[in-house]
Protein chains: 2
Amino acid sequence: MSHAKSKATTIGELGEFGVIDRIQRMLGDAHGVVLGIGDDAAAIRPTPGKLLLATCDIQIEGRHFVKAHMSPEQLGRRSAAVNLSDIAAMGGQPTTALVSLALPNHTEARWVEQFYMGLRQALEAHGASIIGGNLSGGYSGIVVDITLHGEIDEPSMLRRSGATVGDAILVTGQLGSSAIGRQAIRAALPTAGAAGEPIRAHLEPKARVQEGQVIANSRLASAMIDLSDGLLADLSHMCQASGVGARVFLSQLPISRDTIQVAKDLNIKPVEAALHGGEDYELILACKGTAADRLIGAVQSDTGTPLTVFGEIIDEPGLRLVQPDGTEHAALPTGWDHFMEHTS
Amino acid sequence: MSHAKSKATTIGELGEFGVIDRIQRMLGDAHGVVLGIGDDAAAIRPTPGKLLLATCDIQIEGRHFVKAHMSPEQLGRRSAAVNLSDIAAMGGQPTTALVSLALPNHTEARWVEQFYMGLRQALEAHGASIIGGNLSGGYSGIVVDITLHGEIDEPSMLRRSGATVGDAILVTGQLGSSAIGRQAIRAALPTAGAAGEPIRAHLEPKARVQEGQVIANSRLASAMIDLSDGLLADLSHMCQASGVGARVFLSQLPISRDTIQVAKDLNIKPVEAALHGGEDYELILACKGTAADRLIGAVQSDTGTPLTVFGEIIDEPGLRLVQPDGTEHAALPTGWDHFMEHTS
């Protein structure tokens with residue numbers, strides 16, 4: 001084609017098809033896929049007897065990420081993680097992904113390749129491969145929209161609904177690190193110090209895919225959701241879907257030592273970051289109180305990830321916060337609503 | 001939630017979850033879907049024995065459409081059509097869709113609902129339903145990215161590859177209308193006259209879903225692709241995938257009388273619009289010359305859509321154009337490359 005010039009370095013020079021050719025060569029053929037990148041649609045052979053899961057999540061420059069703060073590989077891994085986390089929240093196994101990418105014409109082809117390398121790496125780490133997508137130029141900012149498929153045995157699938165009065169509420173890993181990391185980046189804190197861990201948590205969140213599968217396969221949990229909007233917002237979604245409420249014990253929220261220290265340096269209350277921060281991509285789940293220890297043990301032994309009880313399901317709708325001194329009050333489920341100003 | 005104010009009219013006022021609630025109530029539960037809108041991922045039960053098809057296509061304000069030229073219902077139907085067309089090009093049956101929508105905060109909630117109504121209507125007309133997606137505010141322009149699933153019996157699936165030397169090349173419907181319609185809108189031509197048909201073709205392209213299925217089920221075609229980038233560009237994709245070339249008979253290109261008239265009024269050569277215009281969302285396909293009449297008859301009788309022979313597959317790579325006087329020359333496969341200026 002006339003636009004496939006040699007020595008081209010931007011996608012405007014290479015053209016849509018030039019870039020697609022490069023990506024296709026880079027990615028190769030995905031295992032188990034009947035028809036991958038390069039036709040009008042991709043074709044896969046679903047595993048007989050399993051449900052197919054599907055989720056999508058959009059990342060917009062200036063809204064969900066700042067290009068200058070993130071390498072293309074990091075953006076790729078992050079774009080994978082936010083979708084992997086949704087499949088994890090069902091207890092599913094990620095399988096295949098479609099990638100929509102809209103870019104300014106001045107974007108370097110090398111940037112696009114590095115983005116795809118990060119994306120592929122993060123997906124492959126969980127057994128998923130890229131099977132299609134599209135690329136569109138001439139845009140003012142970067143837009144990444146990924147659809148991720150997964151699969152699961154129907155009886156293992158965990159929904160948001162299903163939490164029952166008396167259930168314990170648990171969370172994987174730790175809370176508030178991503179929000180503190182975002183503020184640490186804005187404050188230009190050095191990554192060499194305590195800010196390193198929260199900054200990494202923000203730039204490269206890890207989806208709890210294996211943890212979600214262990215929890216689902218245990219058949220001990222009654223409901224599960226991933227943490228994207230914030231602990232209270234997402235817990236509220238789970239409670240509303242289940243027709244229940246919840247009591248949150250603030251003294252039991254797992255927050256890392258580094259996150260606490262950096263939060264204090266930034267004059268942010270760590271507990272506020274944990275409750276409202278969002279983008280932690282941990283899993284919260286409900287299970288019978290008597291099963292909590294078994295579930296904690298199973299997740300710890302199979303994945304090494306801590307699972308912490310921080311609340312209980314109650315009959316009364318809404319969320320109640322229990323202070324360290326035992327006093328209790330109603331909470332508003334404010335969190336990272338994508339139309340609202342961030343509250344932490 | 002505190003942001004679900006009464007009398008709210010913009011998505012900035014309603015908030016992400018307020019708008020999602022409205023859409024969820026509006027769409028209801030999709031038939032045959034295990035888990036639809038409202039959980040971390042959707043879950044579907046694939047039809048045993050069938051392949052699952054998946055495609056995605058992004059529509060960006062200012063790049064793929066002008067908001068002032070298009071009603072929200074039209075944008076919804078158009079966003080559906082460009083994806084339905086990809087499933088049609090495989091011969092597949094559309095099934096389920098995920099919708100990513102990024103919007104400016106000042107977008108009216110009514111606009112979003114009307115967009116979804118148009119989208120749902122166009123999908124349901126072909127048996128597909130919306131099972132999930134996401135909504136993101138705070139953006140400078142509208143971005144619509146839709147992933148559409150379909151299914152097909154593997155032996156019926158038509159790829160881009162498979163065209164064989166000597167095959168006839170056919171196209172459904174008519175060519176160039178969308179490109180002329182786009183220019184007619186820019187020139188503010190009245191829709192009451194001859195420009196009505198090309199303007200409708202541009203604003204509300206029809207995906208050839210039923211035609212694609214008739215062609216695939218006939219088992220008479222060797223390769224198929226849909227027309228999004230332009231006849232020469234997409235024919236070139238089909239030929240490259242098949243390792244062949246093609247000869248195009250310019251006098252045989254099907255162009256509607258209205259499109260020819262409006263093209264001439266706009267000082268555009270109709271044949272240029274047909275070759276390079278793009279966005280016609282017709283299907284081009286190859287089949288043995290001896291099978292062409294049977295295929296034309298089957299599509300005509302089952303769908304009422306004309307199918308026209310306009311070329312033949314040749315051994316020599318590349319495309320050759322045959323003028324009405326019989327002279328022949330090589331063509332460059334220029335078309336609607338999304339990074340390039342449009343050539344027509």
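The values are calculated or read from the model by the stated rules, or taken from the named source; none is laboratory data. The structure displayed is predicted, hence computed values, not measured ones. Please note: Cβ atoms are built from the backbone with ideal geometry, for glycine as well, and neighbour counts cover all protein chains shown.
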(message) Tell me the residue from A:A201, A:A188, A:A194 that is farther than 23 Å from A:L53 by Cβ and outside any loop (DSSP other than H, G, I, E, B), please.
(response) A:A201
(message) Can you find, within the range B:183-235, the residue that is nearest to the other protein chains (Cβ to nearest Cβ) among those that are acidic (D, E) and within 14 Å of A:D40 (Cα to Cα)?
(response) B:D226
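Return the residues of the range B:67-94 that are in a loop (DSSP other than H, G, I, E, B) and either within 14 Å of chain A (Cβ to nearest Cβ) or under 21 Å from B:Q210 (Cβ atoms) (or both); say none if nothing qualifies. Quick ask: steps written out before the conclusion?
The first filter runs over the range B:67-94 and keeps only residues in a loop (DSSP other than H, G, I, E, B), leaving B:70-71, B:89-92.
Hits for the range B:67-94 are B:A89, B:M90, B:G91, B:G92.
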(request) Among the numbered conditions (1) under 17 Å from A:A41 (Cα atoms); (2) without any contact (Cβ under 8 Å) to a residue 60 or more places away in the chain; (3) of a type in the set (A, V, I, L, M, F, W, C), tell me where B:M238 comes up short. (result) (2)
(message) Tally up the residues in the range A:120-143 that are surrounded by fewer than 24 Cβ atoms within 10 Å (Cβ to Cβ), part of a strand (DSSP E or B) and either on the phi > 0 side of the Ramachandran plot or within 11 Å of chain B (Cβ to nearest Cβ) (or both), please.
(response) 3
(message) Go through (1) more than 12 Å from the chain's Cα centre (by Cα); (2) within 7 Å of chain A (Cβ to nearest Cβ); (3) closer than 30 Å to A:L283 by Cα for B:A97 and report which single condition fails.
(response) (2)
(request) Kindly provide the set of residues from the range A:179-213 that are surrounded by 21 or more Cβ atoms within 10 Å (Cβ to Cβ) and of a type in the set (V, I, T), ordered by number. (result) A:I180, A:I199, A:V209
(request) Just need a number here: residues in the range A:35-55 that are closer than 18 Å to A:G212 by Cβ and either among the aliphatic types (A, V, I, L, M) or crowded, with 24+ Cβ neighbours inside 10 Å (or both). (result) 5
(request) Select from the range A:118-136 the residues that are touching an Asp or Glu at 6+ places or on another chain (Cβ under 6 Å) and modelled with pLDDT of 95 or more and list them in ascending order. (result) A:G118
(message) Looking at the range A:95-119 only, could you name the residues that are in a helix (DSSP H, G or I) and over 24 Å from B:L101 (Cα atoms)?
(response) A:A109, A:R110, A:W111, A:E113, A:Q114, A:M117, A:G118
(request) Look through the range B:8-65, keep the residues that are among the hydrophobic types (A, V, I, L, M, F, W, C) and in a helix (DSSP H, G or I), and return whichever of them is modelled with the lowest pLDDT. (result) B:F17
(request) Check B:E113 against each of (1) out of contact with any Gly (no Cβ under 9 Å at 6 or more places or on another chain); (2) within 13 Å of another protein chain (Cβ to nearest Cβ); (3) more than 30 Å from B:A223 (Cβ to Cβ) and name the one condition it does not meet. (result) (2)
(request) Say whether the condition of being surrounded by 12 or more Cβ atoms within 10 Å (Cβ to Cβ), closer than 19 Å to A:C239 by Cα, within 14 Å of another protein chain (Cβ to nearest Cβ) and not aromatic (F, W, Y) is met by at least one residue in the range A:290-306. (result) no
(request) Tell me, please, whether a residue that is crowded, with 21+ Cβ neighbours inside 10 Å, under 17 Å from the mean Cα position of the chain (by Cα), within 14 Å of another protein chain (Cβ to nearest Cβ) and not in a strand (DSSP E or B) can be found in the range A:159-178. (result) yes
(message) I'd like to know if the range B:144-152 contains one or more residues that are more than 7 Å from chain A (Cβ to nearest Cβ), in contact with a strand residue (DSSP E or B) (Cβ under 9 Å, 6 or more places away or on another chain) and assigned to a loop (DSSP other than H, G, I, E, B).
(response) no
(message) Anything in the range B:23-64 that is among the acidic types (D, E) and either more than 9 Å from every other protein chain (Cβ to nearest Cβ) or touching a Pro at 6+ places or on another chain (Cβ under 6 Å) (or both)? List them, or say none.
(response) B:D29, B:E61
